[in-house]
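A quick write-up on the structure given underneath.
None of the figures in this text is laboratory data; all of them are computed from the coordinates on show. Worth saying up front: this structure is predicted, and the values here are computed from it rather than measured. Every residue, glycine among them, receives a Cβ derived from its backbone with ideal geometry; neighbour counts consider all protein chains shown.
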Amino acid sequence: MAGRGPARGADGKPRCPWALSAPEYVAYHDQEWGRPLTSDDQMFERLSLEAFQSGLSWLVILRKRPAFRTAFAGFSIASVAKFGPDNVERLLADAGIVRNRAKIEATINNASAVGALPGGLLAFVSGFAPAGRRRAPRSLEDVPAKTEESDALAKALRGYGVRFVGPTTAYALMQATGLVNDHLAGCIAR
């Protein structure tokens, strides 16, 4: 898909080309990706899912998302921060989610870490949004994998003890939560 601009979906509407391969992608692209969040728990869910996605297809995560929400108490920061060893074992046995011990333990750790952020997770992450508007990307080649802001965000989160977050994951989080607008020029969601 490198270098490709918007492509027409089955409904004839132009979208970012990554969003056309499955109905889950179309719905995620049109209704959620790139839209601002309103709560710390929503941001924690996105941060957690981005970490679980590492090394996997985002489509796998989207399809398992309802099970993730159930398994992780709706991604309530306060609830997940209280998870202990029994919860880890329960989660490792849950075929509905990605059963990776390191990622499960990181998510529980991260709930405690983000609970201590000054002003809350949403405000903290939003504070790393780039200043001003940048030109709309015309093709996927124009979309970076990371930026100075995502480098700084990842470093700051790691400084508070958050695990499984690097500059690329931080940039994906910024894209998904509307801190940057990487819908391509001509995309219906731009």
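Applying the selection to segment 113-130, what residues are surrounded by fewer than 17 Cβ atoms within 10 Å (Cβ to Cβ) and assigned to a helix (DSSP H, G or I)?
G115, A123
Could you check, for segment 141-156, whether at least one of its residues is within 20 Å of S48 (Cβ to Cβ) and surrounded by fewer than 17 Cβ atoms within 10 Å (Cβ to Cβ)? Can you show your working first?
At the first step, the residues of segment 141-156 found to be within 20 Å of S48 (Cβ to Cβ) are 146, 150, 153-156.
Among the residues that remain, those that are also surrounded by fewer than 17 Cβ atoms within 10 Å (Cβ to Cβ) are: 155.
So far as segment 141-156 goes, yes, one or more of its residues are within 20 Å of S48 (Cβ to Cβ) and surrounded by fewer than 17 Cβ atoms within 10 Å (Cβ to Cβ).
Please verify whether segment 26-35 includes one or more residues that are closer than 22 Å to D182 by Cβ and touching a Cys at 6+ places or on another chain (Cβ under 7 Å). Steps first, please.
Quick first cut of segment 26-35, residues closer than 22 Å to D182 by Cβ only: 26-35.
Right, trim to touching a Cys at 6+ places or on another chain (Cβ under 7 Å) and you get 29.
Among the residues of segment 26-35, at least one is closer than 22 Å to D182 by Cβ and touching a Cys at 6+ places or on another chain (Cβ under 7 Å), which makes the answer yes.
Here's the yes/no breakdown for (1) at positive phi; (2) assigned to a helix (DSSP H, G or I); (3) over 17 Å from the mean Cα position of the chain (by Cα); (4) of a type in the set (F, W, Y):
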site: I97; (1), (2), (3), (4): no, no, no, no
site: I104; (1), (2), (3), (4): no, yes, no, no
site: N109; (1), (2), (3), (4): no, yes, yes, no
site: P137; (1), (2), (3), (4): no, no, yes, no
site: P144; (1), (2), (3), (4): no, no, no, no
site: E149; (1), (2), (3), (4): no, yes, no, no
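What are the residues in segment 67-78 that are in contact (Cβ under 8 Å) with a residue 24 or more places away in the chain and of a type outside the set (K, R), if any?
Residues of segment 67-78 in contact (Cβ under 8 Å) with a residue 24 or more places away in the chain: 67-72, 74-78.
Matches in segment 67-78: A67, F68, T70, A71, F72, G74, F75, S76, I77, A78.
Report, by residue number, each residue of segment 1-52 that is part of a helix (DSSP H, G or I), surrounded by 15 or more Cβ atoms within 10 Å (Cβ to Cβ) and without any contact (Cβ under 8 Å) to a residue 60 or more places away in the chain.
Initial filter on segment 1-52 (part of a helix (DSSP H, G or I)): 17-20, 23-31, 40-52.
Narrowing further to those that are surrounded by 15 or more Cβ atoms within 10 Å (Cβ to Cβ): 17-20, 24-26, 28-30, 40-52.
Result: A19, L20, E24, Y25, V26, Y28, D41, E45, L49, F52.
Among the residues of segment 151-190, which ones are hydroxyl-bearing (S, T, Y) and either in contact (Cβ under 8 Å) with a residue 24 or more places away in the chain or in a loop (DSSP other than H, G, I, E, B) (or both)? Please lay out each step first, then the result.
At the first step, the residues of segment 151-190 found to be hydroxyl-bearing (S, T, Y) are 160, 168-169, 171, 177.
Listed by number, the residues that qualify are Y160, T169, Y171, T177.
Going by what's in this entry, would F83 be described as assigned to a helix (DSSP H, G or I) and more than 17 Å from A176 (Cα to Cα)? Lay out the reasoning, then the answer.
Working: assigned to a helix (DSSP H, G or I): no; more than 17 Å from A176 (Cα to Cα): yes.
Judged against the criteria, F83 is not a match.
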